[in-house]
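Visitor: The structure's right below; bear with me while I get my questions together.
Values in this text are rule-based calculations from the coordinates and carry no lab data. Just so it is clear, the structure is predicted and the values come from calculations on it, not from any experiment. Every residue, glycine among them, receives a Cβ derived from its backbone with ideal geometry; neighbour counts consider all protein chains shown.
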Amino acid sequence: MLHIAAGGAWLGLDVALGVLVFVALTAAGPSTRILSYEAINLIAVWPLLTVGLLSLVSGVVLAWRSKYGLLRYWWVAIKLALNIALTALVPLALRPTVLDAVDRAKEFSATGAGDLSVGNLVFPPLVSPAALLVAMALSVFKPWGRISKR
């Protein structure tokens, strides 16, 4: 149950991130973009990292306690790889991108000049939900069978 809740929260945070990025992308004035970047900073990094780690830990515990195991079936191994990759991307790629957008917004607020473009913030709300939906589909359909013992 915890694993499903963490996945749902993760997907919800990704949707919220996507809405905020879309608002920043389509905003007519700089004040809306600045507020969007500040909101992204609040919901994007630490909450996403928390639900990613919670999903990872609960998934590993579930795998150890079930007949599927952690690396017995391809679908479980792929879900594990997706979870590790998405969780690692939060501090390694998303956090620097968000902090850069916030710094640019602060500079714009102080000087009235600077770049307020969305830049690479467009990609996380596209990539992460797609990968999460793939992981959910793998859980439902359980394709490809067992990993050989070679």
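Visitor: Restricted to segment 134-150, and to residues that are touching a Leu at 6+ places or on another chain (Cβ under 9 Å) and in a helix (DSSP H, G or I), which residue is surrounded by the most Cβ atoms within 10 Å (Cβ to Cβ)?
Guide: 135
Visitor: So is residue 99 in contact (Cβ under 8 Å) with a residue 24 or more places away in the chain and assigned to a loop (DSSP other than H, G, I, E, B) or not? Break it down stepwise before answering.
Guide: Values: in contact (Cβ under 8 Å) with a residue 24 or more places away in the chain: yes; assigned to a loop (DSSP other than H, G, I, E, B): no.
No: the conditions fail for residue 99.
Visitor: Identify all residues within segment 8-19 that are under 10 Å from residue 55 (Cα atoms) and either buried (at least 21 other Cβ atoms within 10 Å of the Cβ) or among the hydroxyl-bearing types (Ser, Thr, Tyr) (or both); write none if there are none.
Guide: 10
Visitor: What are the residues in segment 103-118 that are surrounded by 15 or more Cβ atoms within 10 Å (Cβ to Cβ) and in a helix (DSSP H, G or I), if any?
Guide: 104, 105, 108
Visitor: For segment 34-70, how many residues meet the condition of being acidic (Asp, Glu) and under 17 Å from the mean Cα position of the chain (by Cα)?
Guide: In the first step, residues of segment 34-70 are kept if they are acidic (Asp, Glu); the result is 38.
Still in the list and also under 17 Å from the mean Cα position of the chain (by Cα): none.
Going through segment 34-70 one residue at a time, the tally reaches 0.
Visitor: Right, another one. Could you grab me the full set of residues in segment 43-58 that are among the hydrophobic types (A, V, I, L, M, F, W, C), assigned to a helix (DSSP H, G or I) and surrounded by 14 or more Cβ atoms within 10 Å (Cβ to Cβ)?
Guide: Kept after step one, since they are among the hydrophobic types (A, V, I, L, M, F, W, C), are these residues of segment 43-58: 43-46, 48-49, 51, 53-54, 56-57.
This time we only want the ones that are assigned to a helix (DSSP H, G or I), so: 43, 45-46, 48-49, 51, 53-54, 56-57.
43, 45, 48, 49, 51, 53, 54, 56, 57 - these are the residues of segment 43-58 that are among the hydrophobic types (A, V, I, L, M, F, W, C), assigned to a helix (DSSP H, G or I) and surrounded by 14 or more Cβ atoms within 10 Å (Cβ to Cβ).
Visitor: While we're looking at this one, here's another question. Report, by residue number, each residue of segment 59-102 that is hydroxyl-bearing (Ser, Thr, Tyr), closer than 14 Å to residue 139 by Cα and surrounded by 14 or more Cβ atoms within 10 Å (Cβ to Cβ). Full working, then the answer.
Guide: Taking segment 59-102 first, the residues hydroxyl-bearing (Ser, Thr, Tyr) are 66, 68, 73, 87, 97.
Among the residues that remain, those that are also closer than 14 Å to residue 139 by Cα are: 66, 68, 73.
68, 73 - these are the residues of segment 59-102 that are hydroxyl-bearing (Ser, Thr, Tyr), closer than 14 Å to residue 139 by Cα and surrounded by 14 or more Cβ atoms within 10 Å (Cβ to Cβ).
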